[in-house]
1. Hey, quick one: spin label on Asp39, modelled 7 Å out along Cα-Cβ, who in segment 16-33 has an amide N within reach, i.e. under 14 Å?
2. Mind listing the long-range amide H neighbours of Thr205? Cut-off is under 5 Å, sequence gap 5 or more, other chains count too, H placed in the peptide plane at 1.01 Å from N.
3. Residue by residue through segment 63-70, what is 3J(HN,Hα) from phi via Karplus (6.51 cos²θ - 1.76 cosθ + 1.60, θ = phi - 60°)? Round to whole Hz and write x for glycine and proline.
4. Using a 7 Å offset from Cα along Cα-Cβ at Ala94, what residues in segment 161-180 end up with backbone N under 16 Å from the label point?
5. Roughly how many nanometres apart are two label points built 7 Å out from the Cα toward the Cβ at Ile163 and Arg180?
6. At what distance in nm do the modelled label points of Arg136 and Asp250 sit from each other, each positioned 7 Å from its Cα along Cα→Cβ?
7. Hey, quick one: spin label on Thr2, modelled 7 Å out along Cα-Cβ, who in segment 216-231 has an amide N within reach, i.e. under 13 Å?
8. Explain nothing, just the number: relative contact order of the chain, from Cα pairs under 8 Å at least 6 residues apart, as a whole percent.
Amino acid sequence: MTEFESFAVELAAEAARVTLPFFRGDYAEENKAGPGAFDPVTQADKEAEAAIRTLIAARYPDHGVIGEEYGEDRPDAEHVWILDPIDGTRAFIAGLPMWTTLIALRVGGRSSVGAISQPYIGELFLGGPSGAVLTRGGQTRPIRVRACERLTDAVIATTAPEIFTAPELGAWTQVMAAARLARYGCDAYAYAMLAMGRIDMVAETGLKVWDWSALIPVVEAAGGEVTNWAGGPVSGDGRIIAVGDPRVRDQALVAFRRGAQ
């Protein structure tokens, strides 16, 4: 394990120390959205990100940080940590253990280390130069995506149909109709299951940089691929397709390209 991979594990442990006492407990909660919308943030989100930032500043004071709750600090640095202290805040509020902490290190503009942590069930998925691994119960083992030749055999996932625009929803519905099984509500945990070989494709839209930066190293280190809806590099539009087998993506791209127009 590299120095930065080890530090990502340390940061995930610090986030768990902060978030777990709040989960299924009492905490302050705010709605960041305007009237008629709901974009929640909790005391756990804020305190966890603050704790992670404190560790980064102490260990690597020249590194930048981008976080969902406290914005950017030296985002143009060579090394930038990208944080989502609780991805899946709605699940957190509902007491469902589908939320995760996402931690990424971007080096030279590219995500090189990613951690997806679900501390309540005790799982940490780590991806980077050393490969992709799952740590659970004190045991660490390699993880790998699975082969899937046809979309009709694929298990696919997205967070919720409400995230899509009308054209995007049409594309997703077409792909979902062809797939063997589709699941909702997993947030970033779906990407961990893809890296583990349980899900074959995850497609989403509207993701921010803190939503997807940690996912790419985990999926890629496990042998998968992450692209935009046109099959190119992930960009600012937040449209993501992650696959374990590119043959599944290639079959779905006709619909997704139409939805991206």
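1. 30-33
2. Under 5 Å from the amide H of Thr205 lie the amide H atoms of Ile240, each far enough along the sequence or on another chain.
3. Calculated HN-Hα couplings, in order: 7, x, 9, 10, x, 5, 8, 10 Hz.
4. Hits in segment 161-180 for Ala94 at 16 Å: 161-164.
5. Label at Ile163, label at Arg180, 2.3 nm between them.
6. Going by the 7 Å Cα→Cβ label model, 3.2 nm.
7. Residues 217-218, 221 qualify, since their backbone N sits under 13 Å from the label point.
8. Details: 587 pairs, mean separation 42.7, N = 261.
The normalised contact order for the chain reaches 16 percent.
Coordinate-derived values only; no laboratory data. Keep in mind it's a predicted model, so treat the numbers as computed, not measured. We place every Cβ from the backbone using ideal geometry, glycine too, and count neighbours over all the protein chains shown.
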